[in-house]
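Take a look at the structure below.
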Amino acid sequence: MKKVILVIAVCVSLSALGQSPEAMKKIEAAKIALITERLELSPQQAEKFWPIYREFGKQRLEIRKDFDHARRTFDPNRASEEENKKMLEMANQVKERQLKLERAYSDRILKVITTRQLNNLRKAENDFKEMLLRRIRAEQMKRQKQKRNNDRLNDRRN
């Protein structure tokens, strides 16, 4: 029953997608609820785990932001061979930084939770991403369908 309520909470939170920072807070709260449930964190573990996990998330985001900015301004079709090589090297460096960060935080997190919980964390993160993507796709399909219906109504009126 608890899992059903959690999934409903996630879906309700995700329905706010694409809106305000308030919606992002709801999504984050749903993610926290899912992870807490899946890891079966005790109150003592949660108190120590969440600050480390949030710090890890910020570091992970910073690594991605650097690369995303470079990638947005990069066009492989217009870039020289040297520029393409630099982009490939940058991508490899990002992967190395991510792996190094993952190892460092895994060591820190393992001082708070068990290896089973850490493995469950990775699965919970992936499951949450998949739920989020499915929900985004469903919302996009719903909007497209509504647009097609509106277009048909407008065509009939004209």
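FYI, it's all coordinate maths here, none of it is from the lab. Being a predicted model, the structure only gives us computed values, none of them experimental. Positions of Cβ are backbone-derived with ideal geometry, glycine not excepted, and every protein chain shown enters the neighbour counts.
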With a 10 Å cut-off between alpha carbons and a GNM built on the chain, which of 73, 115, 36 moves the most? 73
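Taking the Cβ of residue 145 as the center, what net charge do the other residues with Cβ under 15 Å away carry, scoring Lys and Arg +1 and Asp and Glu -1?
Values: positive: 137, 142, 143, 147, 148, 152; negative: 139, 151.
Within the 15 Å Cβ shell, the charges total +4.
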Top of 95, 129, 85 by mean-square fluctuation, Gaussian network on the chain, Cα under 10 Å: 85
Once all Cα-Cα distances of the chain are split into 10 Å bins that start at 0, what whole-number percent is in each one? 9, 26, 28, 22, 11, 4, 1
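State which helices in the chain qualify, where a helix is a whole DSSP H run, it must extend 24 Å or more along its own axis by its Cα atoms, and its mean Kyte-Doolittle hydropathy must be at least 0.0. Each step should come with its number before you reach the end.
Numbers: long enough: 21-39 (27 Å, 0.06); 43-72 (42 Å, -1.55); 81-109 (42 Å, -1.46); 115-157 (63 Å, -2.03).
What comes out of the filter, once short or polar helices are dropped, is 21-39.
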Distance in nm between pseudo-label sites at residue 156 and residue 60 (7 Å out along the Cβ direction from Cα): 4.8 nm
Among all the lysines, which ones have a C-alpha under 24 Å from residue 142's C-alpha, if same-chain residues fewer than 8 places away are not counted? 25, 26, 31, 129
